[in-house]
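The values are calculated or read from the model by the stated rules, or taken from the named source; none is laboratory data. Since the model is a prediction, treat every value here as computed from it, not as a measurement. Note that we place each Cβ from the backbone using ideal geometry, even for glycine, and neighbour counts take in every protein chain shown. The area values use the complete protein model at the heavy-atom level, side chains included, leaving out ligands, DNA and RNA. Shrake-Rupley method; radii C 1.70, N 1.55, O 1.52, S 1.80 Å.
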Protein chains: 2
Amino acid sequence: MAVKDSRTEQQIKDAAKKLFFTEGRFKATTQEIADAAGVNRTLVNYYFRSRDQLFDQVLKDARLQMDSRLEATADEKNFRKKIEHFIDVFMEQARNYPYLDIYMVSRLNDDVEKQNEILTDIKKTDKLKLFLAEIEEQMKLGTINKMPPVQFFINMLSLISYPQVMQPLLKKVFRYTDKQYQQMLAERKAIILKILFR
Amino acid sequence: MAVKDSRTEQQIKDAAKKLFFTEGRFKATTQEIADAAGVNRTLVNYYFRSRDQLFDQVLKDARLQMDSRLEATADEKNFRKKIEHFIDVFMEQARNYPYLDIYMVSRLNDDVEKQNEILTDIKKTDKLKLFLAEIEEQMKLGTINKMPPVQFFINMLSLISYPQVMQPLLKKVFRYTDKQYQQMLAERKAIILKILFR
DNA sequence: TTTGCGTTTAACAAATTTGTCAAACATAAT
DNA sequence: ATTATGTTTGACAAATTTGTTAAACGCAAA
């Protein structure tokens with residue numbers, strides 16, 4: 001009998017993820033996704049039944065990605081090294097999937113009423129709680145400036161992600177070539193560290 | 001004769017801007033916009049000819065808004081006060097139109113090829129150049145940490161805007177009520193100032 | 001009142017996007 | 001070679017969204 005193989009299903013999902021998360025083409029149609037995957041459009045229905053179900057699969061992946069990112073705590077005792085590791089992970093993520101976060105926000109805004117069930121039960125993970133506690137501890141130790149730990153966390157996220165999300169616009173504002181912008185982004189790890197550690 | 005009055009045209013544009021910039025409903029249809037404006041859908045075509053032309057008008061407004069924001073330099077001699085004024089302006093803007101920036105990015109990503117002419121000639125304004133020069137000067141004076149002035153500017157933008165853009169998601173992650181989140185945002189001016197000024 | 005002109009509306013047409021289905025296809029097992 | 005099972009395709013139907021048109025409407029000037 002025929003083997004239930006076919007990487008088509010994955011190809012379609014990957015194409016959708018690339019369009020949404022990497023290229024920020026939020027209004028991509030199933031036709032565009034199929035084209036990007038190099039397959040016939042009806043295969044989207046064959047494998048996912050409907051456009052919405054494909055989108056929900058993709059959203060679910062985004063959510064898992066975010067969860068795992070929030071859990072991405074290093075087995076590093078040294079706090080500064082741990083933060084460095086966080087920045088590396090987040091920056092790499094933001095480089096590959098600059099629009100992942102705002103895709104999720106966008107989906108949240110789309111429904112408003114429906115409150116997409118995939119995004120309902122997002123919550124502080126245990127690791128995140130532990131991390132926030134550790135941040136607070138380090139503030140007491142004086143390694144970093146005192147503030148609500150959540151603010152420290154949000155600062156870190158902001159400084160990493162926003163320049164990636166805004167890349168198309170900021171490139172125009174500053175008249176930067178792609179190379180110049182990447183160079184600027186590369187400089188940021190050190191700058192962010194300096195900011196976070198007083 | 002009949003007066004060429006009718007605030008309908010403006011109502012439609014305002015409704016679109018609210019949906020796009022304030023609510024982040026990027027996939028809003030003309031029907032939804034008309035509903036939000038409380039008018040018949042065909043009036044969109046009557047006043048703007050086509051959906052795309054309305055969207056371009058809205059985009060043009062966004063662009064003007066951004067331009068004026070980049071120009072929003074205070075007649076303030078004291079550098080710190082000037083930065084405070086900037087933060088106030090940007091925070092207020094981000095509060096009213098949290099999705100304005102990413103709407104523009106989204107539009108830039110939509111076309112890719114076409115390179116929407118409305119967003120082609122965005123560039124460093126003179127005021128922005130002057131501001132960057134002033135930032136550099138202040139670094140020499142030691143008021144703020146040394147780094148490429150553009151990085152200082154981007155840090156400021158990131159710390160202000162990202163928490164607003166990500167509000168729907170971060171509210172879930174941290175299990176914050178709306179009130180708690182607004183409280184957290186309100187705390188940020190002082191925190192951002194502390195970060196920017198060493 | 002009537003005329004003129006801009007505005008609003010509903011019905012309709014066109015365009016775009018999504019979903020269905022039956023037939024063709026591929027390939028491994030019989 | 002034939003069969004069985006999963007995959008792919010094109011043609012078609014349905015749904016959604018956008019655009020057009022002619023008629024109705026409102027109101028001020030003649």
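Can you tell me which residue is nearest to A:Tyr176 (Cα to Cα) among those in region B:99-128 that are more than 9 Å from chain A (Cβ to nearest Cβ) and acidic (Asp, Glu)?
Here the answer is B:Asp126.
Just checking, which of B:Asp52, B:Asp5 is acidic (Asp, Glu), at pLDDT 95 or above and either exposed (fewer than 14 other Cβ atoms within 10 Å of the Cβ) or not in a helix (DSSP H, G or I) (or both)? Can you show your working first?
Details: B:Asp5 fails: at pLDDT 95 or above.
So the residue among B:Asp52, B:Asp5 that is acidic (Asp, Glu), at pLDDT 95 or above and either exposed (fewer than 14 other Cβ atoms within 10 Å of the Cβ) or not in a helix (DSSP H, G or I) (or both) is B:Asp52.
Can you tell me how many residues within region A:97-121 are without any contact (Cβ under 8 Å) to a residue 60 or more places away in the chain, not in a helix (DSSP H, G or I) and not polar (S, T, N, Q)?
Going residue by residue through region A:97-121, those that are without any contact (Cβ under 8 Å) to a residue 60 or more places away in the chain are A:104-105, A:107-115, A:117, A:120-121.
Subsequent filtering for residues that are not in a helix (DSSP H, G or I) retains A:112-115, A:120-121.
Checking the rest, the ones that are also not polar (S, T, N, Q) come to A:112-114, A:121.
So the count comes out to 4.
For region A:159-177, what are the residues that are out of contact with any Phe, Trp or Tyr (no Cβ under 8 Å at 6 or more places or on another chain) and charged (D, E, K, R)?
Those that are out of contact with any Phe, Trp or Tyr (no Cβ under 8 Å at 6 or more places or on another chain) and charged (D, E, K, R): A:Lys172, A:Arg175.
Can you confirm whether A:Thr30 is within 11 Å of DNA strand D (Cβ to nearest atom) and either farther than 26 Å from B:Met104 by Cβ or of a type outside the set (Phe, Trp, Tyr) (or both)? Quick ask: steps written out before the conclusion?
Values: within 11 Å of DNA strand D (Cβ to nearest atom): no; either farther than 26 Å from B:Met104 by Cβ or of a type outside the set (Phe, Trp, Tyr) (or both): yes.
No.
For the subset of region A:122-142 comprising residues that are in contact with a helix residue (DSSP H, G or I) (Cβ under 6 Å, 6 or more places away or on another chain) and in contact (Cβ under 8 Å) with a residue 24 or more places away in the chain, which member is nearest to B:Met66 (Cα to Cα)?
Taking the candidates together, the pick is A:Ile122.
Conditions (1) away from DNA strand C (no atom under 15 Å from the Cβ); (2) under 30 Å from A:Ile33 (Cα atoms), marked per residue:
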| residue | (1), (2) |
| --- | --- |
| B:Asn40 | no, no |
| B:Leu59 | yes, yes |
| B:Ala72 | yes, no |
| B:Phe79 | yes, no |
| B:Met91 | yes, no |
| B:Tyr97 | yes, no |
| B:Leu108 | yes, yes |
| B:Lys124 | yes, no |
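Identify the single condition in (1) more than 15 Å from the chain's Cα centre (by Cα); (2) open to solvent by 20 Å² or more (accessible area, probe 1.4 Å) that A:Ser68 does not satisfy, given that it satisfies every other one.
Every condition holds for A:Ser68 apart from (1).
Restricting region A:8-44 to residues that are surrounded by fewer than 14 Cβ atoms within 10 Å (Cβ to Cβ) and either more than 14 Å from every other protein chain (Cβ to nearest Cβ) or in contact with a Leu (Cβ under 8 Å, 6 or more places away or on another chain) (or both), which is nearest to A:Met66 (Cα to Cα)?
For region A:8-44, the residue satisfying everything is A:Gln10.
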